[in-house]
2 protein chains.
Amino acid sequence: MFFKVDKKQLLTKLNVVSRAISNYSPLPAFSGIKFDVNENEICLMASDSDISIKNYISKRDECFLEIEQTGSIVIEAKYILDIVRKMDTEVISIEVADGVNVKIYDETSEFNIIGIYANEYPMIDFTKGEDFFTISTMKLKSVLNQTLFATSDKDNRPYLNGINVHIHDGHVDCTATDSYRLAKTSFDVDSTIDYNIIIPSKSLNELLKSLDDDQEIKVHVSNKKVQFVFEDTLIQTRLIEGSFPDTNKLIPEQFQYELKVETRDILSAIDRMSFIKNDGINIIKLDLNENESILSTKSQDIGSATEILKTASFNGESLAISFNGRYVFEAIRAIHADTITFKFSGEMKPFIIQSEENEEVLQLVLPVRTYL
Amino acid sequence: MFFKVDKKQLLTKLNVVSRAISNYSPLPAFSGIKFDVNENEICLMASDSDISIKNYISKRDECFLEIEQTGSIVIEAKYILDIVRKMDTEVISIEVADGVNVKIYDETSEFNIIGIYANEYPMIDFTKGEDFFTISTMKLKSVLNQTLFATSDKDNRPYLNGINVHIHDGHVDCTATDSYRLAKTSFDVDSTIDYNIIIPSKSLNELLKSLDDDQEIKVHVSNKKVQFVFEDTLIQTRLIEGSFPDTNKLIPEQFQYELKVETRDILSAIDRMSFIKNDGINIIKLDLNENESILSTKSQDIGSATEILKTASFNGESLAISFNGRYVFEAIRAIHADTITFKFSGEMKPFIIQSEENEEVLQLVLPVRTYL
């Protein structure tokens, strides 16, 4: 294996595939990036067995590439990334001698790194399923930002460690919940496929970091994996087994109380109160009546805080309801609108947060019982 | 105690004094900031017993201050900083009731924090010594940047955990060493005082972060403490007891070899090789002769690297010398010049790094024995 390639191009492609690499990989080979070089292109690949990413540097690209000799090798990701990033040159040469000695060089710098034989790298099946829909990176990013934070990070119910994606009748519902709060968003697609899957949040977090420019993404879906294909990059992830709970029945439909408030007003108020914690949790009480809307919180060790929501307008009889401040903060932030609306149906009933600017997003939070 | 004050001014002053607070303070009161309010000004103070900082918000300042009632209180630093930083107002009111209940508020936000009685805060002697010299913040910053990194962080020789400041005959020599490398810089002062003291590097690191605009600093020196006074801020630190070794005899004066090289060239070369470590240390060999200057490094686990210094010019017979890459990297960076000169007197003799652009700074590094 021997090629010369544009440094910037190589670095960009390495940065993308390296997102698949986990520090806690089961296999030593998974700490490396696999190079497969044929006569026309270099294929780069990395994986932690849950998420796998591959992309290409091709002669068709508008950057320098000279392939002198084909071949395959696996190179420790942290070394190759560090070297390529710091090399002060336009063209980098990479050459493998004696099967496993990797030489990376330009005119003044030379690095000799011990690689891993390509046949020690597990076979990863990148075959694309037939079923797919398309979505813009911009839309995909906003869907992920609206839901990912609400997934569970506990081990006891694996099916809550991901986003439930239900595709049916040209419609996609994405739902995430950790059983204390729920985030849901929907969008239409130009496809008639029918799937109900759970995609691991860890993989989606890495996907989110890999989405850059605004372009179309093909999302290939099967019952085993989902693949995100854009430009010459393919990111695939395993799915979480198990069935996602039916959350529709949790979402109330009748509300007796409605609070409208500017996002900036309530977010900054919750943020200011967030340091007042009991056992690590910031519980906030919301007191609502015709005249004023007041947030308050208290802790025996630290003290108390009160905030008047200047921009609030409330409809309904007096109501006092308590909640985890962080849950409501994250829910409001995820809606990404200037004004939001809380809809309540009772002090111990789940309440929802929505915005007229962004009606497809629904955030639901369970109140907590307190004696503040 | 009750006053109303400009939010930005309060935040700026709190940020400065809070630098004295350590997470590992011996006394609970030291996790707080002490407020002393008299009819004309607020004095803020914080300490970890090694370093103490105080400053003032005065009616003379061009910002809003209304003092309604004098008094003193200590407020937990992390709470008061968090609250003041996040409050969205121009004027903040702070009021103490029942001796220890602190109310911080504006028109819509109110925080009630439990304070600490001012009499539980240790007396700190801020009396200024008579002896002083003046230095600009710009000069003081550059002196600290040239030397601080070379102090020792080990516990076995406390007198190496600081910078030795020797003031004599209108001249100040600053020396730092961890016994493997040494950094020294000198400057003239308009003062005839005579002191030979060791200032803890931990205090000087905090001082460095507190130095902002270019202004004159009065440095008050005694045999117990040193005080840095600028504007209405006073930063004082205890000294390290013990006598600093006479390092002058370590610095060679005769050199048989001289290497001149562009800083950018050698720093980027060392940086690229820095990941190749043996037992956590990156040892670099420098091979010098009339025709070329080459850096190389090797590790059985990782591999090897070679760098040709394109901008090098060497005077002397052939020489090979090995050193800790990080020590030479930090020494060169501290000189802050475009071109630097290495002066050698043998492969196992300490060598020095200097620059014609910045002759008052001297960096010395001990070579290491290797079998690369």
TODO: Mind checking the range A:327-372 for GluC sites (Glu not before Pro) that DSSP puts in a loop (not H, G, I, E or B) and that have at most 12 other Cβ atoms within 10 Å?
DONE: A:359
TODO: Evaluate peptide A:143-151: per residue, the Cβ atoms of other protein chains within 10 Å of its Cβ; return the mean as an integer.
DONE: 0
TODO: Would you list, by chain and number, the aspartates and glutamates whose Cα falls below 13 Å from the Cα of residue A:218, excluding same-chain residues fewer than 8 positions away?
DONE: A:130, A:131, A:190, A:231, A:232
Open item on the list: Quick check on the range B:68-201: take the gyration tensor over C-alpha atoms, sort the square-rooted eigenvalues as a ≥ b ≥ c, and tell me if it's rounded (a/c under 1.5), prolate or oblate.
Closed with: prolate
Task: Span from the the range B:167-208 Cα centroid across to the the range B:93-107 one, whole angstrom - done: 44 Å
- [ ] Mind running the shape call on the protein assembly as shown? Use the C-alpha gyration tensor, a ≥ b ≥ c as the square roots of the eigenvalues: rounded below 1.5 for a/c, prolate if a/b tops b/c, oblate otherwise.
- [x] oblate
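Quickly estimate the mean residue ellipticity at 222 nm for chain B, helices only: each DSSP H run with n ≥ 4 gives -39500 (n - 2.57), and the total goes over all residues, rounded to 500.
-5500 deg cm²/dmol
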Open item on the list: Skipping prolines and chain starts, which residues have an amide H placed within reach, meaning under 5 Å, of the one on residue A:132, given they are 5 or more residues away or on another chain?
Closed with: A:221
- [ ] Would you mind listing the distances between the residue A:192 label point and the same position in each other copy? Use 7 Å along Cα-to-C-beta, nm, one decimal, shortest first.
- [x] 10.2
Open item on the list: Is the C-alpha gyration tensor of chain B telling us rounded, prolate or oblate? Criteria: a/c under 1.5 is rounded; beyond that, a/b larger than b/c is prolate, otherwise oblate.
Closed with: prolate
- [ ] Give the distance, in whole Å, between the Cα centre of the range B:211-279 and the Cα centre of the range B:136-152.
- [x] 5 Å
Open item on the list: So for each of B:258-268, A:42-52 I average, over its residues, the number of other beta carbons within 10 Å; can you give me the resulting order with the highest mean first?
Closed with: A:42-52, B:258-268
Open item on the list: Give me a comma-separated list of calculated 3J(HN,Hα) values for the range B:308-322, in order, Karplus coefficients 6.51, -1.76, 1.60 applied at θ = phi - 60°, integers in Hz, x for any Gly or Pro.
Closed with: 8, 7, 5, 9, 7, 9, 10, 10, x, 6, 4, 8, 10, 9, 10
- [ ] Could you list which residues have their amide H under 5 Å from that of residue A:226, counting only those 5 or more apart in sequence or on another chain, with H placed in the peptide plane?
- [x] A:237
Open item on the list: I need the calculated FRET efficiency for the pair residue B:110 and residue A:154, taking r as the beta carbon distance and R₀ as 41 Å, to the nearest 0.05.
Closed with: 0.70
Task: Karplus 3J(HN,Hα) series, Hz, for the range A:285-296 with 6.51 cos²θ - 1.76 cosθ + 1.60 (x for Gly, Pro) - done: 9, 10, 9, 10, 8, 3, 8, 8, 10, 10, 9, 8
Task: Axis-proximal residue, chain A, for the rotation superposing A on B (Cβ, Å) - done: A:23, 14
- [ ] Work out the length of the dipole vector of chain A about its Cα centre, built from +1 on the beta-carbon of each Lys and Arg and -1 on the beta-carbon of each Asp and Glu, and round it to the nearest 20 debye.
- [x] 1120 debye
- [ ] For residue A:245, place a label point 7 Å out from Cα along the Cα→Cβ vector, do the same in each other copy, and report the separations in nm, one decimal, smallest first.
- [x] 6.7
Task: Gain on full stretching of the segment that runs from residue B:179 to residue B:89 - 0.36 nm per residue minus C-alpha separation - done: 27.2 nm
Task: Shortest-first distances to equivalent copies, position residue A:320, nm, label 7 Å out along Cβ - done: 8.2
Task: J(HN,Hα) series, the range B:213-229, from Karplus relation 6.51 cos²θ - 1.76 cosθ + 1.60, nearest Hz, glycine and proline x - done: 6, 7, 8, 8, 10, 8, 9, 8, 10, 9, 7, 10, 8, 10, 10, 10, 10
Open item on the list: Within 10 Å of each Cβ in A:266-276, how many Cβ atoms from other chains are there, averaged over the peptide?
Closed with: 3
Open item on the list: With +1 on the Cβ of every Lys and Arg and -1 on the Cβ of every Asp and Glu, and nothing else charged, how large is the dipole of the protein assembly as shown about its Cα centre, in debye rounded to the nearest 20?
Closed with: 1700 debye
Task: Residue exposure sequence - B:70, A:341 - by fewest surrounding Cβ within 10 Å - done: B:70, A:341
TODO: Would you grab the residues whose amide H sits under 5 Å from the one on residue B:293? Only those 5+ places off in sequence or on another chain, please, with H modelled 1.01 Å from N.
DONE: B:309
Open item on the list: Quick check on my link table: of A:78/B:13; A:4/B:349; B:8/B:139; A:128/A:184; B:78/B:184; A:141/B:78, which ones sit more than 31 Å apart, alpha carbon to alpha carbon?
Closed with: A:78/B:13; A:4/B:349; B:78/B:184; A:141/B:78
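Over the whole of B:75-83, what's the average partner chain Cβ count within 10 Å per residue? Rounded to a whole number, please.
That average works out to 2.
Since every read-out is calculated from the coordinates, none of them should be taken as a lab result. Not measured: the values here are computed from a predicted model. Cβ coordinates were reconstructed from backbone atoms using ideal geometry, including for glycine residues, and neighbour counts include every protein chain displayed.
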